[in-house]
Amino acid sequence: MPAHVLVVEDDPSVRRALERILRGLGCEADLAGDSAAAFLQIDSRRYDLVLCDIRLPDRDGFGVLAKVRQTAA
């Protein structure tokens, strides 16, 4: 069963590069460009790994990771 990974990154080129790497490793990768999009993803699925940029345009990445912790509890 492939790992489910959420990539939260506002830079499109970095986001696409991480997606290619993860898919090449056999992972299922979902992408979000900001915290609002990440929250929608987090509410709809559980992730094995979240790769999150700390400097997002609408909120810092620590807020996104706090939401991940809340949904995992």
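The values are calculated or read from the model by the stated rules, or taken from the named source; none is laboratory data. What you see is a predicted model, and the numbers here were worked out from it, not measured in a lab. Here the Cβ positions follow ideal geometry from the backbone for every residue, glycine too, while neighbour counts run over all protein chains shown. Areas reflect the complete protein model, heavy atoms only, side chains present, ligands, DNA and RNA absent. Shrake-Rupley method; radii C 1.70, N 1.55, O 1.52, S 1.80 Å.
Taking V5 as the residue in question, decide whether it is at pLDDT 95 or above and surrounded by 15 or more Cβ atoms within 10 Å (Cβ to Cβ). Here the answer is yes, as V5 does meet what is asked. Under the condition of being within 11 Å of the chain's Cα centre (by Cα) and small (G, A, S), which residue from region 1-35 is nearest to R69 (Cα to Cα)? Looking at the filtered set, the residue picked out is S35.
Rundown of residues vs (1) in contact with a Ser or Thr (Cβ under 7 Å, 6 or more places away or on another chain); (2) open to solvent by 40 Å² or more (accessible area, probe 1.4 Å); (3) at positive phi; (4) in contact (Cβ under 8 Å) with a residue 24 or more places away in the chain, yes/no style:
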site: G26; (1), (2), (3), (4): no, yes, yes, yes
site: D30; (1), (2), (3), (4): no, no, no, yes
site: Y47; (1), (2), (3), (4): no, yes, no, yes
site: R69; (1), (2), (3), (4): no, yes, no, no
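Taken over region 34-73, residues that are β-branched (V, I, T) and out of contact with any Cys (no Cβ under 9 Å at 6 or more places or on another chain) amount to 4.
Consider A73 carefully, then state whether it is of a type in the set (A, V, I, L, M) and modelled with pLDDT of 90 or more. Judged against the criteria, A73 is not a match.
Go through region 32-45 and count every residue that is among the aliphatic types (A, V, I, L, M) and open to solvent by 80 Å² or more (accessible area, probe 1.4 Å).
Of the residues in region 32-45, 1 are among the aliphatic types (A, V, I, L, M) and open to solvent by 80 Å² or more (accessible area, probe 1.4 Å).
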